[in-house]
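A.B. asks: Please see the structure below; I have some questions.
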Amino acid sequence: MAVTHFNPTCSKPRLHSSQLSFLSRTLPRHRHCSFAPLHRTQHARISCSVAPNEVQVPAVTTLDPKSKADCYGVFCLTYDLRAEEETRSWKKLINIAVSGAAGMIANHLLFKLASGEVFGPDQPIALKLLGSERSIQALEGVAMELEDSLFPLLREVSIGIDPYEVFQDAEWALLIGAKPRGPGMERADLLDINGQIYAAQGRALNAVASRNVKVIVVGNPCNTNALICLKNAPNIPAKNFHALTRLDENRAKCQLALKAGVFYDKVSNVTIWGNHSTTQVPDFLNAKIDGLPVKEVVKDIRWLEEEFTEKVQKRGGALIQKWGRSSAASTSVSIVDAIRSLVTPTPEGDWFSSGVYSNGNPYGIAEGIVFSMPCRSKGDGDYELVKDVIFDDYLRQRIKKTEAELLAEKRCVAHLTGEGIAVCDLPGDTMLPGEM
């Protein structure tokens, strides 16, 4: 933390254009002050925003205001992790960008990230939160709650509405924000509307994020949104993009555990193949319960092929009927699981599901789409596809159906991926209920 003389000299700060809309809402309620530091630091000056009748707390701005989005409150203070005995052994700070940061899923997720639950107890983080003009005040509220939670590992929080600022140097990008499907909206329209959002975010990541940024797309339709995003970020390896299908995997594990009468930690090797839609294929053929093939434990093949598959595919809709809204907490948990699966080594013999770019896959699945497949990781953020899986006619037939849907979605967004004129010949309305 910088040490300062508490002799404020109030002045009009020089603002760059991206700050104007933010500050236009706050200037009537705050005054901006500068402080002369006792010692030289890496920052040129220290400033603060003070509301009437509030204690004046210093905050840091950098020499180049375009280099970061607006930092918030206590998270603008300078610090030196190497100066304190407790933090000297910590890892290097990582930048995590989150879009849709004022939404319900993010409201659960951000606090898990800040607590150390995801990246570990010695990994300090900076949260870079992307919202919209409409959600900027809500983002301020989120930042206030993060302040009040006193997370030692959370060292920086910045908020903004410009992805070119928020994604600056991001090493993880968790893209949650997407427009929900409204009444009477055709699926092709939703693909186009959200596709434009993800095309823009892909271009921003390509321009300013870390060259090895890991991207997890949550906003639906997530497989095709991830495809659009990676096609607009040619300088980032396509392998770094994921579509979230981990919640589907978790739901499949739960249903298998219930049927077998065991706790769900006994269920392993579950794969979700294909699209995050009602064509998704929960794979019971390769799954195991307590180390045994599922079909040796659950003898009811009809239940596996019909009821199990349908329960997993429609679990989100069943939750909406009970809860009155789509899943948020369990989605945030599945995002945490997805990240952990990439930053911790996969247990021997097991694997996890993720929607990844299909080029070079060993299963004969069409290339050029984002398709959920079984993956393993060494814990370095990378992954490899699992080769030792088996197929039968039932599984291959189901995989072909979800593959055809993703190929149709790809044709429908060709104008957003640089592949020509879009042609929408979608095979049917298979969007999950939670997207409506």
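The values are calculated or read from the model by the stated rules, or taken from the named source; none is laboratory data. In this text, all values refer to a predicted model and were calculated from it rather than measured experimentally. Cβ: placed from backbone, ideal geometry, glycine included. Neighbour counts: every protein chain shown. To get the accessible areas, we keep the full protein, side chains included, count just its heavy atoms, and leave off ligands, DNA and RNA. Shrake-Rupley method; radii C 1.70, N 1.55, O 1.52, S 1.80 Å.
A.B. asks: Separation between the D382 and K400 pseudo-spin-labels, each 7 Å from Cα along Cα→Cβ, expressed in nm?
C.D. replies: 3.5
A.B. asks: Regarding segment 81-243, what are the three Cα extents along the principal axes, ordered largest first, in Å?
C.D. replies: 57, 33, 24
A.B. asks: So, R0 is 22 Å and r is the distance between the beta-carbons of D80 and S115; what FRET efficiency does that work out to, to 0.05?
C.D. replies: Working from the Cβ atoms, E equals 0.45.
A.B. asks: What's the carbon and sulfur percent of segment 201-241's accessible surface, probe 1.4 angstrom, rounded to a whole number?
C.D. replies: With neighbouring chains kept in place, the figure for segment 201-241 is 46 percent.
A.B. asks: Let me ask something else. Any idea of the accessible area per residue across segment 294-436, 1.4 Å probe, to the nearest Å²?
C.D. replies: Spelled out: the 1.4 Å probe surface of segment 294-436, per residue, equals 50 Å².
A.B. asks: Okay, next question. Cross-link list K214/K401; K295/K401; K179/K266; K239/K288; K112/K231: which exceed 32 angstrom alpha carbon to alpha carbon?
C.D. replies: K179/K266
A.B. asks: Per residue Cα convex hull volume for segment 116-171, in cubic angstrom?
C.D. replies: 78
A.B. asks: Can you give the net charge of the other residues whose Cβ lies under 12 Å from the Cβ of D248, counting K and R as +1 and D and E as -1?
C.D. replies: Surrounding charge for D248 is +3.
A.B. asks: Oh, and also: I need the peptides 214-226, 406-418, 313-325 ranked by packing, meaning the mean over residues of other C-beta atoms within 10 angstrom, with the highest value on top.
C.D. replies: 214-226, 406-418, 313-325
A.B. asks: While we're here: Label points 7 Å out from Cα along the Cβ direction at W323 and E186: separation in nm?
C.D. replies: 3.2
A.B. asks: To check you understand DSSP bridge types, tell me what percent of the beta bridges within segment 136-284 (both residues inside) are antiparallel, rounded to 5.
C.D. replies: Percentage antiparallel, nearest 5: 30.
A.B. asks: Just the number please: accessible area per residue for segment 104-169, 1.4 Å probe, all protein chains included, in Å².
C.D. replies: Using a 1.4 Å probe on heavy atoms only, each residue of segment 104-169 averages 41 Å².
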